[in-house]
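The block underneath contains the structure these notes are about, expressed in structure tokens.
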Amino acid sequence: MERLGDDPESLQRAAEKLRDGGLVAFPTETVYGLGANAQNGQAVARIFEAKGRPHFNPLIVHVLDLAHVSEFGIVNAQAEHLAEAFWPGPLTMVLPRREGCILSELVSAGHPTVAFRSPAHPIARCLLEEAGVPVSAPSANPSGYLSPTRADHVAQAFKDIDGLLIDGGPCRIGLESTVVDLSSDGPATLLRSGDVTLDNIRAYLSDVVLPSDDTPLLSPGMLASHYAPHKPLRTNATTAGDSESVLAFGDSVPKGGKHLQNLSRSGNLIEAAANLFEMLHIAEQQDVTGIAVAPIPGGGLGAAINDRLRRAAHGD
Ligand code: TXA
Ligand code: MG
């Protein structure tokens with residue numbers, strides 16, 4: 001990544017890069033994030049590619065304030081109370097996705113929810129303002145490594161990645177944000193603890209629970225349930241039945257089938273990742289009894305795509 005300072009021209013360049021679908025690592029008050037335009041599926045797919053994650057998990061969407069959230073998610077009274085108390089700051093709120101929401105499906109990894117955070121760091125805020133788009137950003141570390149709290153950590157880990165890195169010095173908190181799930185009708189659920197504590201939240205919401213009494217907090221990236229289509233799915237299909245919807249990949253087009261979508265006509269895994277959840281949702285709504293998916297090569301993002309297809313095929 002190319003390292004930049006935090007002067008106005010650099011921030012302008014970084015904002016442009018984000019709008020154009022590129023990757024920008026930037027400081028927040030918690031840890032450095034690896035950002036992409038959350039409305040651009042291929043840009044979001046590049047985050048997963050760069051991190052080398054063997055699976056897709058949903059990403060936090062960074063916005064300036066609650067007014068922006070309401071464009072994409074459904075804001076309830078609990079969210080209003082917590083935003084009033086803790087935003088901008090190290091609190092992430094999981095909310096229902098608004099119907100017709102223009103965020104990439106990949107930021108939700110197929111779930112009907114989106115996690116939102118309004119960072120307090122002036123550089124992060126300036127970048128969001130200049131870019132004018134919501135920015136999805138996980139911590140800027142390769143999968144399996146510690147979260148980065150200094151620009152040096154990011155520079156070392158992502159030496160060979162095409163993108164920009166804004167050096168804003170060390171992060172004040174150094175620990176990822178607190179994640180609270182407000183998407184159900186039930187009580188709020190603390191999914192990850194951080195600088196905003198359970199007691200802090202309880203001062204504003206009477207009903208907050210941990211995922212379950214005897215299990216520890218879900219470790220970052222682990223969700224209790226995975227998205228699975230409601231119709232049977234077959235992987236590595238070379239032929240399809242008359243009542244199956246087909247997902248092809250490049251030249252690999254299963255013969256037969258009722259409807260056909262191609263994850264990427266040119267056989268590009270980044271494009272396929274960007275299309276995956278959207279096309280599965282479409283196939284699910286078609287008048288078919290099942291979904292047949294062509295073989296997907298295993299390299300790079302192929303591992304994460306195959307992981308998700310395998311889970312879908314096994315219904316977990
Ligand atoms: O402090 C932070 O939160 C940093 C900075 C960059 O903002 N970001 C961060 O992102 O730590 P990440 O991707 O490393 O962690 C996001 C956490 C994961 O545990 C993920 O599973 C959870 O948030 N998450 C994201 N979207 C979710 C959703 N729709 N439902 C439930 N959990 C979600
Ligand atoms: Mg992380």
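What follows draws every value from the coordinates through simple rules; no lab data is involved. Here the structure is a predicted model, which means the values were calculated and not measured. Using ideal geometry, Cβ is built from the backbone for each residue, glycine included, and neighbour counts are taken over all protein chains shown.
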Taking only the alpha-carbon positions of segment 1-55 and ignoring solvent, what does the Debye formula give for the base-10 log of I(q)/I(0) at q = 0.21, 0.28, 0.31 Å⁻¹?
-0.82, -1.20, -1.28
Gyration tensor (alpha-carbon) shape descriptor, segment 222-316, a/c threshold 1.5
oblate
When the helices in the chain are scored as -39500 (n - 2.57) per DSSP H run of 4 or longer and the sum is shared across all residues, what 222 nm value do you end up with, to the nearest 500 deg cm²/dmol?
-8500 deg cm²/dmol
Percent RCO, i.e. relative contact order, over the chain, from Cα pairs under 8 Å lying at least 6 residues apart
22
What does the C-alpha gyration tensor say about the overall shape of segment 98-152? Classify as rounded when a/c is under 1.5, otherwise prolate if a/b is larger than b/c, or oblate.
oblate
Around T289, under 12 Å between beta carbons, what's the net of Lys plus Arg minus Asp minus Glu among the other residues?
-1
Could you run the Debye sum over the Cα atoms of the chain, one equal point scatterer each and no solvent, and tell me log10 of I(q)/I(0) at q = 0.13, 0.14 Å⁻¹, two decimals?
-0.93, -1.06
Highest average packing first - 82-95, 299-312, Cβ atoms within 10 Å:
82-95, 299-312
From a point 7 Å beyond the Cα of Q285 in the direction of its Cβ, which residues of segment 90-118 have a backbone N at a distance under 20 Å?
96-114
In whole Hz, the Karplus estimates of ³J(HN,Hα) for segment 200-207 (6.51, -1.76, 1.60; θ = phi - 60°; x where Gly or Pro) are 4, 5, 4, 5, 10, 10, 5, 10
